[in-house]
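I have placed the structure first, in the form of structure tokens, so that the comments after it can refer back to it.
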Amino acid sequence: QVQLVESGGDLVEAGGSLRLSCAASGNIFSINRMGWYRQAPGKQRELVAVITNGGDTNYADSVKGRFTISRDNAKNTVNLQMNSLKSEDTAVYYCNANLMYYTGRYYRTDDYWGQGTQVTVSS
């Protein structure tokens, strides 16, 4: 009923830039928080950046000043602009949304995840 689809992952050289996008679709009533997480090989999934429906943002210390999260509430999309990429940014990036949707019988709030998009930064 609800789907998150990411795009924009790619192979890029260190110092380069990428822009990730995520679109939420389905019987969505409202989206509270949207964000990006990442998981590198052998490591746990970690928060990269989140943004509330009011526009408040929070970033991991490792990406502050380099990454910018933004969202379009009308389109149910969230973007992550990544600049000055480093090899340690290499990971699978996952979109996350805390949203309210209509099941057909009632409204329900859940966390949803996208399928992930690979970002590889070569040094």
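The values are calculated or read from the model by the stated rules, or taken from the named source; none is laboratory data. Since this is a predicted model, take the numbers as computed values, not measurements. All Cβ positions, glycine included, derive from the backbone under ideal geometry; neighbour counts span all protein chains shown. Only protein heavy atoms, including side chains, enter the accessible area calculation; ligands, DNA and RNA are left aside. Shrake-Rupley method; radii C 1.70, N 1.55, O 1.52, S 1.80 Å.
Among the conditions (1) open to solvent by less than 40 Å² (accessible area, probe 1.4 Å); (2) in a strand (DSSP E or B), the only one that L85 does not satisfy is (2). When you check V121 against the structure, is it open to solvent by less than 40 Å² (accessible area, probe 1.4 Å), farther than 23 Å from Q3 by Cα and part of a strand (DSSP E or B), yes or no? Against the criterion (open to solvent by less than 40 Å² (accessible area, probe 1.4 Å), farther than 23 Å from Q3 by Cα and part of a strand (DSSP E or B)), V121 qualifies. Determine, yes or no, whether S30 is out of contact with any helix residue (DSSP H, G or I) (no Cβ under 9 Å at 6 or more places or on another chain), polar (S, T, N, Q) and closer than 15 Å to C95 by Cβ. Taking the combined requirement at face value, the residue does not satisfy it.
Selection of the range 1-57 for residues being hydroxyl-bearing (S, T, Y), without any contact (Cβ under 8 Å) to a residue 60 or more places away in the chain and in contact with a Ser or Thr (Cβ under 9 Å, 6 or more places away or on another chain) yields S21, T57. With respect to the conditions (1) exposed (fewer than 13 other Cβ atoms within 10 Å of the Cβ); (2) in contact (Cβ under 8 Å) with a residue 12 or more places away in the chain; (3) closer than 28 Å to S122 by Cβ, K75 lacks only one, and its number is (3). Among the numbered conditions (1) more than 18 Å from T117 (Cβ to Cβ); (2) in contact with a Lys or Arg (Cβ under 6 Å, 6 or more places away or on another chain); (3) not aliphatic (A, V, I, L, M), the only one that Q39 does not meet is (1).
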